[in-house]
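Right, one structure below, let's go through it.
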Amino acid sequence: MEIVIQGLSKIYPNGNKALEDIDLSIGTGIFGLLGPNGAGKSSLMRILVTLMRPSTGRVTVNGMDLQKHRGEIRRLLGYLPQDFRYFPKLRTSEFLDYMASLSGMRQRRRRREAIDRILEEVGLFEARDKMASKLSGGMKRRLGIAQALIHEPKILVVDEPTTGLDPEERIRFRNLLSDISTGEVIIILSTHIVGDISSTCNHMTLLNKGRVAFTGSPEELIQKARGYVWQIRANDEEYIRINEKFPVISTVPGKEGWLMQVVSRSPEGYDAEPVEPNLEHAYVHFMENVLQEKVEEEAYG
Ligand code: ADP
């Protein structure tokens with residue numbers, strides 16, 4: 001499976017530019033789409049699942065043009081939107097039965113088999129007779145994945161699936177995605193939560209203001225932050241100055257004063273030592289420094 005995106009832009013009727021000249025190639029496995037709110041993630045997802053047309057550019061799935069082969073490509077797609085709606089008065093299995101019918105599964109027996117399989121897979125078998133409204137937040141999200149997977153799609157698109165989940169449910173959900181990804185499928189995971197990417201993806205793109213700011217592995221992004229993350233021991237007065245001067249990633253009260261992790265080229269004049277960056281550090285570094293410098297270069301030459 002391969003999705004190729006070329007020169008894709010989206011301008012909404014009110015003039016909002018949501019995507020600008022996106023080029024991406026997405027293969028099997030979990031592909032992470034990371035970016036702050038408003039970066040254009042949902043717009044890109046909605047184009048990929050054929051709910052919206054791009055203003056310019058082209059998307060192909062295994063060489064098939066998304067616009068010309070909508071029907072065929074839709075059958076390959078499963079989608080968990082950000083605002084996933086279930087029917088509160090239906091039981092878990094009834095809801096899945098309804099979704100299976102919509103996906104074109106006519107035979108009752110086939111539907112029942114598919115539902116049992118998927119309930120097991122997402123860990124909701126015990127909750128099959130529960131009303132959807134009585135499920136916990138994490139279970140509802142897993143029901144969302146179940147409905148997206150019921151027809152065994154080859155491409156699964158999940159938009160901000162872990163937002164609002166508690167840590168245990170979030171980990172369970174990430175593990176579920178990793179389990180699903182062992183097949184020959186593409187999973188596109190859009191998120192603004194860095195931990196979702198670091199724990200599941202081997203390929204990622206950083207979107208910022210509708211443009212691709214980085215594409216590669218999380219490891220490559222981390223590599224770019226090496227030498228830019230520091231831990232500083234600060235007193236109360238320094239604490240204020242550091243907050244004004246550097247992007248601060250974390251602040252922990254120490255024995256005396258504060259232990260602060262910051263992104264900086266070189267925090268001269270402070271009691272600082274370098275820290276091995278993680279993806280969260282790299283994300284802050286990239287957004288604060290790399291992109292800022294690019295803007296300044298463009299503005300001042
Ligand atoms: P994200 O999912 O990363 O938060 P979105 O794709 O939702 O980003 O939004 C990208 C940009 O497009 C934002 O500036 C947003 O305000 C704008 N936008 C999104 N949907 C619409 C719409 N239906 N009409 C006009 N502007 C929109």
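The values are calculated or read from the model by the stated rules, or taken from the named source; none is laboratory data. The shown structure was predicted, so the numbers you read here are calculated from the model rather than taken from an experiment. Note that each Cβ is placed from the backbone with ideal geometry, even for glycine, and that neighbours are counted across all protein chains shown. Keep in mind that these areas ignore ligands, DNA and RNA; they rest on the heavy atoms of the full protein, side chains included. Shrake-Rupley method; radii C 1.70, N 1.55, O 1.52, S 1.80 Å.
Pull out the extension gain between ILE11 and SER55, defined as 0.36 nm times the separation in residues minus the alpha carbon to alpha carbon distance; nm, one decimal.
15.2 nm
Could you work out how far apart the two model spin labels at GLU244 and GLU168 are, taking each label as a point 7 Å from the Cα in the direction of the beta carbon, and quote it in nm?
With each label point 7 Å from Cα toward Cβ, the separation is 4.5 nm.
Mind checking the full-extension length gain between ASP21 and GLU184? Use 0.36 nm per residue of separation minus the Cα-Cα distance, one decimal, nm.
Length gained, ASP21 through GLU184: 55.8 nm.
Per residue, how much accessible area does the chain show when a 1.4 Å probe rolls over the protein heavy atoms, in square angstrom? The partial results should precede the final answer.
Numbers: 15810 Å² over 301 residues.
Result: 53 Å² per residue.
Could you size up the charge dipole of segment 144-301 around its Cα centre, putting +1 on the beta carbon of Lys and Arg and -1 on that of Asp and Glu, and report it in debye to the nearest 20?
That gives a dipole near 260 debye.
What are the principal axis extents of the Cα atoms in segment 194-256, in Å, biggest first?
41, 25, 21
Each label point is 7 Å from the Cα along the Cα-to-Cβ direction; what then is the distance between the points at LYS89 and GLU72, in nm?
4.1
So for the chain: antiparallel DSSP bridges make up what percent, rounded to the nearest 5? Please list the in-between numbers first.
Details: 34 of 53 bridges.
The answer is about 65 percent antiparallel.
Relative to the first principal axis of the alpha-carbon coordinates of the chain, what is the inclination of helix 137-149, with its axis defined by its Cα atoms, in degrees from 0 to 90 and to the nearest 10?
60
Report D for segment 1-80 in µm² per second (integer): Stokes-Einstein, Kirkwood Rh on Cα pairs, 10 °C, 1.306 mPa s.
Rounded to a whole number, D works out at 122 µm²/s.
Quick check: at a probe of 1.4 Å, how many percent of the accessible area of the chain sits on carbon and sulfur atoms? Working shown, then result.
Details: 7360 of 15810 Å².
Exposed carbon and sulfur together represent 47 percent of the surface.
Can you pull out the GluC sites (Glu not before Pro) in segment 176-228 whose DSSP state is coil and whose Cβ has at most 12 other Cβ atoms within 10 Å?
Values: sites: GLU184, GLU219, GLU220; in loops: GLU184.
Qualifying residues, ordered by number: GLU184.
With Cβ to Cβ distances under 15 Å as the rule, what net charge do the other residues near LYS10 carry (K, R +1; D, E -1)?
Counting the neighbours of LYS10, the net charge comes to +4.
Could you give the size of the charge dipole of the chain about its Cα centre, using +1 on the Cβ of each K and R and -1 on the Cβ of each D and E, expressed in debye and rounded to the nearest 20?
So the magnitude is around 2060 debye.
Could you name the lysines in cross-link range of LYS140, using Cα to Cα under 28 Å and dropping any fewer than eight places away on the same chain?
Straight-distance partners of LYS140: LYS41, LYS89, LYS130, LYS154.
Given a Förster radius of 45 Å and the C-beta distance between ARG117 and GLU288 as r, what FRET efficiency does 1/(1 + (r/R0)^6) yield to the nearest 0.05?
Values: r = 46 Å, r/R0 = 1.02.
Computed FRET efficiency for ARG117 and GLU288: 0.50.
Per residue Cα convex hull volume for segment 223-300, in cubic angstrom?
Here the figure is 92 Å³ per residue.
From the P(r) of segment 45-105, could you give the percentage of C-alpha pairs in the tail past 17 Å?
Numbers: 932 of 1830 pairs.
Value for segment 45-105: 51 percent of Cα pairs lie more than 17 Å apart.
Take the alpha carbon atoms of segment 71-137, find their center, do the same for segment 184-216, and report the distance between the two centers in whole angstrom.
Taking the Cα centre of segment 184-216 as reference, the centre of segment 71-137 is 26 Å away.
Tell me which of ILE22, PHE95, MET64 sits at the most positive position along the dipole axis of the chain, charges placed on C-beta atoms (Lys, Arg +1; Asp, Glu -1).
PHE95
Check each of the trypsin sites (Lys or Arg not before Pro) in segment 203-301 and keep only those in coil by DSSP with at most 12 other C-beta atoms within 10 angstrom; list them in order.
LYS255, ARG265
Can you pull the three principal axis extents for the Cα set of the chain, in Å, largest first?
The Cα atoms of the chain stretch 73, 46, 35 Å along the principal axes, largest first.
Are there GluC sites (Glu not before Pro) in segment 1-100 that DSSP puts in a loop and that have at most 14 other Cβ atoms within 10 Å, and which ones?
Answer in residue order: GLU2.
For ASN37 and VAL252 in one chain, what is 0.36 nm times their gap in residues minus the Cα-Cα distance, to one decimal in nm?
On the way: separation 215, 0.36 × 215 = 77.40 nm, distance 2.68 nm.
Result: 74.7 nm gained on full extension.
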